[in-house]
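S.K.: My questions all concern the structure below.
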Amino acid sequence: MTEWLERHTPKMVLAPSFVAILIFVYGFIFWTAWVSFTRSRLLPKYELKGTVQYERLMASPRWDTAMDNLFIFGTLFIVISMVLGLFLAILLDQKIRAEGALRTIYLYPMALSMIVTGTAWKWIMNPGLGIEATVRGWGFENFAFDWVVNPDRAIYAVVIAAVWQASGFVMALFLAGLRGVDEEIIKAAQVDGIPTWRIYSAIIIPSMAPIFLSAFIVLAHLAIKSFDLVIALTGGGPGYATDLPATYMYAMAFSRGDIGQAASSAMVMMGVVFAIVVPYLYSELRAKHD
Amino acid sequence: MTDFTQPHTQAGAPSAAKGINWTHLALRWLLFTLLGLFALFYLMPLFVMVTTSLKSLDEIRTGSLIALPREVTFDAWRTAWSGTCTGVQCEGLRPYFWNSVIMTVPAVILATMLGAMNGYVIAQWRFKGANLIFSLMLFGCFIPFQVVLLPMARMLGIMGLAGSIPGLIVVHVIYGIGFTTLFFRNYYVTIPAELTKAAKVDGAGFFRIFWSIFLPLSLPIVVVTVIWQFTNIWNDFLFGVSFSQAGTQPVTVALNNIVNSTTGVKEYNVDMAAAIIAALPTLLVYVVAGKYFIRGLTAGSVKG
Amino acid sequence: MAPILDIKNLYKNYGAVEILKDINVAIEPGDFLVLVGPSGCGKSTLLNCIAGLEPITSGTLSIGGQDMTHVSPKDRDIAMVFQSYALYPTMSVAKNITFGMKVRGVDAATQERKLKEVASQLQIEQLLHRRPGQLSGGQRQRVAMGRALVRDPKLFLFDEPLSNLDAKLRVEMRSEIKKLHQNLGATMVYVTHDQIEAMTLATKIVVLKGGVVQQIGTPAEIYNNPANLFVADFMGSPAMNLIPAKTRQNGSGTEVEISRGDGSAIVLKDSHSRDLPEDVILGLRPEDIAEAGFRAGQDVQQAQCMIEMVEPAGADTFVVSELGGKQVTARLHAETSARAGAMLDLAFDLGKVSYFAPGTGERLN
């Protein structure tokens, strides 16, 4: 008996977490998937009715806006954060004396809740009293910066706040990557008389491909899940102008009482996330197991 | 785990023999100017938040966004902490701040402990299927939580935990296990398997080996994990807003209610003070243990 | 005497891969058994099986006459020294050494006494309060040994314990382990890929390749009568010369014909009549080929060979000549007159010869 216990202790220790994950992740995904194929409204029904919820989703102009926004927001957020992050990392990699302090400054927004970020930027971009008013106060009477309240521009305001929050993190990733490049290769290039910018563009940056991938995955993941920032900054408005799939899902689940729509929109979100993350994780896990 | 080691040397100091290298000097100035401008960009919101929170409403309406307060007043802070209204109640952020504390502390401790044990098993006591279990846990880290929101709400109802802080603790622990397990697993995998073997030959069992050998080695990864969990759970909004009710909301939800409440006069100074209060614990952790915070971030993103 | 370690028909598989195949080894108390072979031959796996750290797929394993096949490591009465030493990094040297006793509930006074004994035996008294991180490689090695010694087990297991040390220290620790074995009269099982370690330490050697035992014997048996081409090539440095040759029976003896580099043949006469096929591989150790006039005996045969290379090595000088299409090394005395590019009379001691079948590699004599 003690022998048996001894041999199976590790499994028994892992079991509760495993069961929890099985139920609360995979079981719940299954539940949501199932419900997304029913006519559930205020209460879940379990009778399968085909793809009616997905058809409703596709027909909904609000969902249409949400997906468009996700595309605009995701693309801009990822591209700008990556470019800015890489640029900052390269600047910081030039033997700067104050590097530690600057790094701390660039990265601190990552420690904040997105609600805090949203609150701060909402105030800063507030047309009446924020940047617009300040610049006008300097004498530029025609200066306009009303993105937060302008339906055509509001999603870009979200991009600004999101980039402010996450680009420092990308900087940290890239800086670690730059420092991880084999010192000897760089010395060899210097001895060969290759100019610094060529060393970066031809040697260091190409060798950081895995870090670009990591940064991309994390940012894409953040973009798809981002919910708090929109809620705090624009509340999804004006109107539905800054709705994202995440806010759409939440609205359907908790204020509209439309469980079928909530479930099907969540499933679409998961589809998007997994289309990006699964190949990445798969290759990572495979590489590690060999 | 990533640390910032010494910078590369390609910047190259100007050689003394050539005298002053003007191009180099100009480039250095450009570099510092750029770095300084970016620092301003990142600091500006914090600066605006702090100065706004110290101004009176009158001064905010008449003055400039980026001006320092003419007269420093802590009224807004007092109101934010104990007087401002979130919906119908007007007790300030204080009760919600404590809600967050009593939600975050146990959730962090539980998730870290479970992660440590799981990581130890997966890294050092491999058995058939352990890798599959690890992969399943890892995929669990990446799901958009929207996909579990509806069934979780029902499950909490069934368990009698709907709208309660213990319910939120359960949620945070369950969806934190994946990451904490990943952290500890990646740390313990670097510890040679021979250590476990030696301890087995010495007669120690599963728990003894963990307690006497692995736990004393674990301080750095415990710090990283605790900071990661603390930041994530404290800053969470989605679970908080979905699974709480009046009275049990965490501070992020309360902050959002304050800021986006449409009744009464908009008190921007109170909003900013409240935002800073909500942000203080994680900012403090960041300032005190930034190194570990960064390690958690990079470890959480560079997988496997 | 009953064998202290007895392994019968041991098989070990990882999934479909057979790591160890039908291992049968038994040793007496006081033996020093060395498991030797190239990396991946299964020697460390076999040691882990003996320790109980790896379950075996089939077969039996007994220690001290008791069946231990399914017994966990802690109940096998063994101690083990690991390649990386596996010292517990957060414990002091003293705690490292006493951990096993503490786990087993040995009283504090006994722990203290045994710690003192072992520490003085290994001369590590002054290190007892340090952490492993503050020790040099050699000191860590001693602590790891101390952790094993203090347990006073039936069986000591060593998993390549010297491979992380530099060359000089390795030789020192080697002789120290040998002394320890002699002083304690303990039974040891030792894994190494270094055949010199195997030769110097062992009372019994098991040569493994691909999970199969190639030969079991004393160092002298293994060295002088290798069971096959693999063992012949693996044990000894420089390696045994393995020269393709043709044989024919000639009256009372055997004639061995070897082609030289220039195409001409030399014929050596072995006075023993042997039942050999025509094509064989002739095995002769470098020290069994000497300069003519420096080796005498019944089966010493001389032949002129073209010397292609001369390598003085201090005490000896090695010369290389092409024979049978192979680079053949001879070990000459230091003051030899051999010159590269010149002919030299070499004396082949066929009394020490081994014959192998070219196809199977098995020993023929």
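Read the figures in this text as sums done on the coordinates, not as results from a lab. All figures in this text were calculated on a predicted structure; none of them were measured in a lab. Here Cβ is always computed from backbone atoms with ideal geometry, including for glycine, and neighbour counts include all displayed protein chains.
S.K.: In whole angstrom, note down how far apart the Cα centers of segment B:227-293 and segment C:3-81 are.
M.R.: Result: 60 Å between the Cα centres.
S.K.: Same structure again: Within segment C:5-234, what percent of beta bridges assigned by DSSP are antiparallel, to the nearest 5?
M.R.: 50
S.K.: Can I ask one more? Counting other Cβ atoms within 10 Å of each Cβ, which GluC sites (Glu not before Pro) in segment A:129-185 have at most 12 and sit in a DSSP loop?
M.R.: Of the GluC sites (Glu not before Pro), the ones in loops of segment A:129-185 whose Cβ has at most 12 other Cβ atoms within 10 Å are A:GLU141.
S.K.: Here's another thing I want to ask about it. Take the Cβ-Cβ distance between B:PHE41 and B:LYS266 as r, set R0 to 25 Å, and report the resulting FRET efficiency rounded to the nearest 0.05.
M.R.: The pair B:PHE41/B:LYS266 has a calculated efficiency of 0.45.
S.K.: For segment B:20-73, what's the relative contact order in percent, using C-alpha pairs closer than 8 Å and at least 6 residues apart?
M.R.: Taking the mean separation of contacting Cα pairs over the length of segment B:20-73, I get 29 percent.
S.K.: Next question, about the same structure. Based on the Cβ-Cβ distance from B:ASN131 to A:LEU213, what FRET efficiency comes out when R0 is 25 Å, to the nearest 0.05?
M.R.: The value I calculate is 0.70.
S.K.: Separate question: Provide C:LYS95, C:LYS179 in ascending order of the number of other Cβ atoms located within 10 Å of each residue's Cβ, fewest first.
M.R.: The fewest-first ordering by Cβ neighbours comes to C:LYS179, C:LYS95.
S.K.: Could you order peptides A:51-63, B:236-248 by the average number of other Cβ atoms within 10 Å of their residues, highest first?
M.R.: The packing order, highest mean first, is B:236-248, A:51-63.
S.K.: What length, rounded to one decimal in nm, is gained on full extension from C:GLN249 through to C:THR218, with 0.36 nm per residue of separation minus their alpha-carbon distance?
M.R.: This chain segment gains 8.0 nm when fully extended.
S.K.: Let me check against my output: what whole-number percent is the relative contact order of chain A, with C-alpha pairs under 8 Å and at least 6 apart?
M.R.: 29
S.K.: Just to be sure I understand the model, the point goes 7 Å from the Cα along the line to the Cβ. What's the resulting A:ILE23 to B:LEU34 distance in nm?
M.R.: Inter-label distance under the simple model: 5.5 nm.
S.K.: Okay, moving on. Of C:LEU46, C:PHE99, C:ASN225, which is farthest along the charge dipole of segment C:5-234 in the positive direction, counting Lys and Arg as +1 and Asp and Glu as -1 at C-beta?
M.R.: About the Cα centre, the residue reaching furthest to the positive side is C:PHE99.
S.K.: Quote the charge dipole size of chain A about the Cα centre in Debye, to the nearest 20; the model charges only the Cβ of Lys and Arg (+1) and of Asp and Glu (-1).
M.R.: 460
S.K.: Given the peptides A:90-98, A:240-248, C:259-267, arrange them by the average over their residues of other C-beta atoms within 10 Å, most packed first.
M.R.: The densest-packed peptide leads the list: A:240-248, A:90-98, C:259-267.
S.K.: Which percent, to the nearest 5, of DSSP beta bridges fully inside the protein assembly as shown are antiparallel?
M.R.: Bridges in the protein assembly as shown that DSSP calls antiparallel: roughly 80 percent.
S.K.: Still on this model: Roughly how big is the protein assembly as shown's charge dipole about its Cα centre, with Cβ charges of +1 (Lys, Arg) and -1 (Asp, Glu), in debye to the nearest 20?
M.R.: Computed about the Cα centre, the dipole is about 2280 debye.
S.K.: For chain A, what are Rg and Dmax over the alpha carbons, in angstrom?
M.R.: Reported Rg and Dmax, both Å: 23.9, 85.
S.K.: Further question on the same structure: Residues of B:188-199, mean number of Cβ from any other protein chain within 10 Å of their own Cβ, rounded to a whole number?
M.R.: Taking the mean over all residues of the peptide, I get 5.
S.K.: What's the local net charge at C:THR203, with K and R +1, D and E -1, over the other residues with C-beta under 10 Å away?
M.R.: So the environment of C:THR203 carries a net charge of -1.
S.K.: What does the average come to when, for each residue of peptide B:62-68, you count the partner chain Cβ atoms lying within 10 Å of its Cβ?
M.R.: Other-chain Cβ atoms within 10 Å of each residue's Cβ, averaged: 4.
S.K.: For segment B:20-73, state the semi-axes of the equivalent ellipsoid (square roots of 5 times the eigenvalues of the alpha-carbon gyration tensor), sorted largest first and rounded to whole angstrom.
M.R.: Ellipsoid half-lengths, sorted descending, are 37, 10, 8 Å.
S.K.: Return the average number of partner chain Cβ atoms within 10 angstrom of each residue Cβ along peptide B:278-285.
M.R.: 4
S.K.: Okay, next question. Extending each Cα 7 Å along its Cβ direction at C:GLN302 and B:ARG208, get the distance between those two points in nm, one decimal.
M.R.: The answer from the label model is 7.1 nm.
S.K.: Here is a further query. What is chain C's relative contact order, in percent, from Cα pairs under 8 angstrom and six or more apart in sequence?
M.R.: Result for chain C is 15 percent.
S.K.: Tell me the mean residue ellipticity at 222 nm calculated for chain C from its helices only (DSSP H runs of n ≥ 4, each -39500 (n - 2.57), averaged over every residue, nearest 500).
M.R.: So the helix-based figure for chain C works out to -7000 deg cm²/dmol.
S.K.: Shifting gears a bit: How large is the convex hull of the C-alpha atoms of the protein assembly as shown per residue, in Å³?
M.R.: 261
S.K.: How high is the FRET efficiency from C:ARG339 to A:GLN190, r the C-beta distance, R0 51 Å, rounded to 0.05?
M.R.: 0.55
S.K.: Treating only the Cα positions of segment A:161-290 as identical point scatterers, give the base-10 log of I(q)/I(0) from the Debye formula at each q in 0.11, 0.13, 0.20 Å⁻¹.
M.R.: Relative scattering, expressed as log10 I(q)/I(0), comes to -0.59, -0.74, -1.15.
S.K.: Right, here's the next one. Could you put C:ILE56, A:ILE23 in order, starting from the residue whose Cβ has the fewest other Cβ atoms within 10 Å?
M.R.: A:ILE23, C:ILE56
S.K.: Once Rh for segment C:5-234 is found with the Kirkwood sum over Cα pairs, what is the Stokes-Einstein diffusion coefficient at 4 °C and 1.567 mPa s, in µm²/s?
M.R.: In µm²/s, the coefficient rounds to 71.
S.K.: Which of the peptides B:59-67, B:271-279 is most tightly packed, and how do the rest follow, going by the mean number of other Cβ atoms within 10 Å of each residue?
M.R.: B:271-279, B:59-67
S.K.: Mind checking Rg over Rh on chain B, alpha carbons, Kirkwood formula for Rh?
M.R.: Computed over Cα atoms, the ratio is 1.08.
S.K.: How long, wide and thick is segment B:189-242, going by the Cα atoms along their three principal axes, in whole angstroms, largest first?
M.R.: 52, 19, 16
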